[in-house]
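The values are calculated or read from the model by the stated rules, or taken from the named source; none is laboratory data. Here the structure is a predicted model, which is why all the values come from computation and not from measurement. All Cβ positions, glycine included, derive from the backbone under ideal geometry; neighbour counts span all protein chains shown.
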Amino acid sequence: MKRNWKRIATIGVAATLVLSMTACSSGTKEQPKGTDNAAKTGEKVKIVFARGKDVTGASQKLVEAFEKKHPNIDVEIREMPADTGQSHDQYVTMFSAKSSEIDVFDLDVIWPAEFAQAGYLLPLDRFIEEDKIDMKKYIPGAVDAGNFEGKQWAMPKFVDTGLLFYRKDLVKQVPKTWDELIAQAKATKGQGGTQFGYLMQAKQYEGLVCNFIEFNASYGGKVLDDQGKVAINNPQTIKGLKKMIEVANSDFVPKNINTFTELESHTAFLEGQSPFIRNWPYQYALAQDQKQSKIVGKVGVAPLPAGDKGSAAALGGWMSGINKNSKHPKEAWEFLKFMTGSEGQKITAIDGGSGPTYLPLYEDADVTKAIPLFGDKEYVKGISAAVPRPTTPNYPKISEIIQIEVSKAIAGQQTAEQAVENMDKKMKEVIK
């Protein structure tokens, strides 16, 4: 693979939704004063790192590597519930009480703005500047997901993005645009035993929001503007939604596509029922599993098709941040810096199989040998086009509005224009 990560990092930046919210005070002027003098006296400091269940063992290996380099810092891993909603609620309860029992913790990419506004997170800009961390080496959309009110509150840890997977035995020319995809999906439906031409996630749930964000951003649409104000009622968003409705109502997707989540989508693809699917990176590994896949060795990966403004992929994945009330912010930063930097992300990639947010790792021989997908330049282009979902403390309500109105539009209960008008009105009631 050519060593061109600097160029790759710019792909999709124009489509990236920089959706910061400025309406509310985040109460973050003061930083913790509780750092003890352990670093000065040479005493050991223990910090607690909270994250969801890790079945890969990568987190323990990462901690061991860090402690070897920092013998004065011990890191205790605290396992949070596998259910992200439960983890979220436990964090809110803990941080609302100004607890200092954990120091560093993982965040879903849709949490940073909420946690920053609530005063749960320590701003990282001073640390980033002092240690000269080059944020341009990270996937732009992943960095933006941790930015709120012009400050960086979380570091990107690993990334999930929407990608186009296709059957190499049926698809000779990978579609570059949505119109090309539509044409090919119609043409290849029925070939090689397929029943459909394209698979997506169109059930009324968070996956529908991700699909909408991708269509919307690829046509230049916005949900919120750079000041965090509602900006969804624009011609580009309407055009993107119309294209999404066209695809979801086509004769080359399942008739019950509005019941499809990732599970239904990937199962149909593994059964050989479609030449194309929009899904997350995990789809590739499933396709190579001989126990459940009928298409082993036949799957390629590419960026999602482009609209008028290029390709865009909804950003998923996890960030990491520091509890504002940590008694050891300097030590917490050292661990956070290691974990989300080159060494830590390399461990997470090789041992955990997670997609790095640190772009140079996609040229690292050890990483690409362990996970060949990470060496695929089309995969890297796809994740580099990632855009965050609306960065706002009110995200759960914004997501619900999108789910309801887009579902109605796909069902033919309202036009794209009516759906956008309704989203605009309801979002403005939420974000005043």
Inset, instruction - Count, please, the residues in the range 244-282 that happen to be of a type in the set (S, T, N, Q), in a helix (DSSP H, G or I) and either touching a Cys at 6+ places or on another chain (Cβ under 9 Å) or surrounded by fewer than 22 Cβ atoms within 10 Å (Cβ to Cβ) (or both). - result: 3
Inset, instruction - Give the residues of the range 141-178 that are within 16 Å of the chain's Cα centre (by Cα), of a type in the set (Asp, Glu) and over 19 Å from ARG126 (Cα atoms), sorted by residue number. - result: ASP160
Inset, instruction - Please find, among VAL380, VAL367, the residue that is more than 22 Å from GLU64 (Cα to Cα), not charged (D, E, K, R) and not assigned by TED's automatic domain parsing to the domain that holds LYS176. - result: VAL380
Inset, instruction - Mind telling me which of the residues LYS172, LYS255 ends up being among the charged types (D, E, K, R) and closer than 20 Å to PRO303 by Cβ? - result: LYS172
Inset, instruction - Go through the range 375-423 residue by residue and tally those that are surrounded by fewer than 21 Cβ atoms within 10 Å (Cβ to Cβ), within 17 Å of the chain's Cα centre (by Cα) and among the β-branched types (Val, Ile, Thr). - result: 0
Legend entry - Output for the range 295-323, where each listed residue is touching a strand residue (DSSP E or B) at 6+ places or on another chain (Cβ under 6 Å), part of a loop (DSSP other than H, G, I, E, B) and more than 18 Å from ARG389 (Cα to Cα): LYS298, PRO305
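Please state which one of SER354, SER320, SER342 is among the hydroxyl-bearing types (Ser, Thr, Tyr), under 27 Å from VAL55 (Cβ atoms) and out of contact with any Leu (no Cβ under 8 Å at 6 or more places or on another chain).
Residue meeting the stated conditions: SER354.
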Inset, instruction - Could you tell me whether any residue of the range 102-109 is modelled with pLDDT of 95 or more, under 13 Å from PRO156 (Cβ atoms), surrounded by fewer than 17 Cβ atoms within 10 Å (Cβ to Cβ) and among the aliphatic types (A, V, I, L, M)? - result: no
Inset, instruction - State which residue is nearest to the chain's Cα centre (by Cα) when the search covers only the range 181-201 and only residues that are small (Gly, Ala, Ser) and closer than 18 Å to LYS294 by Cβ. - result: GLY197
Inset, instruction - Restrict the check to the range 219-227 and report whether at least one residue is in a helix (DSSP H, G or I), of a type in the set (A, V, I, L, M) and either closer than 19 Å to LEU315 by Cα or in contact (Cβ under 8 Å) with a residue 24 or more places away in the chain (or both). - result: no
Inset, instruction - Determine whether the range 357-370 contains at least one residue that is modelled with pLDDT under 95 and either among the basic types (Lys, Arg) or in contact with a strand residue (DSSP E or B) (Cβ under 9 Å, 6 or more places away or on another chain) (or both). - result: yes
Inset, instruction - Go through the range 172-191 and give me each residue that's within 14 Å of ALA306 (Cβ to Cβ), in contact with a Phe, Trp or Tyr (Cβ under 7 Å, 6 or more places away or on another chain) and not in a helix (DSSP H, G or I). - result: VAL174
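Does PHE215 satisfy the criteria of being within 18 Å of GLN418 (Cβ to Cβ) and assigned by TED's automatic domain parsing to the domain that holds GLN195?
So PHE215 fits the description; yes.
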Inset, instruction - Return a yes/no flag: does the range 347-358 have any residue that is more than 18 Å from the chain's Cα centre (by Cα) and not hydrophobic (A, V, I, L, M, F, W, C). - result: yes
Inset, instruction - Pairs only if they're at least six apart or on different chains, beta carbon under 9 angstrom, first in the range 182-203 and outside the structural domain of MET244 (by TED's automatic domain parsing), second assigned to a loop (DSSP other than H, G, I, E, B) and of a type in the set (Phe, Trp, Tyr); list them, first residue then second. - result: none
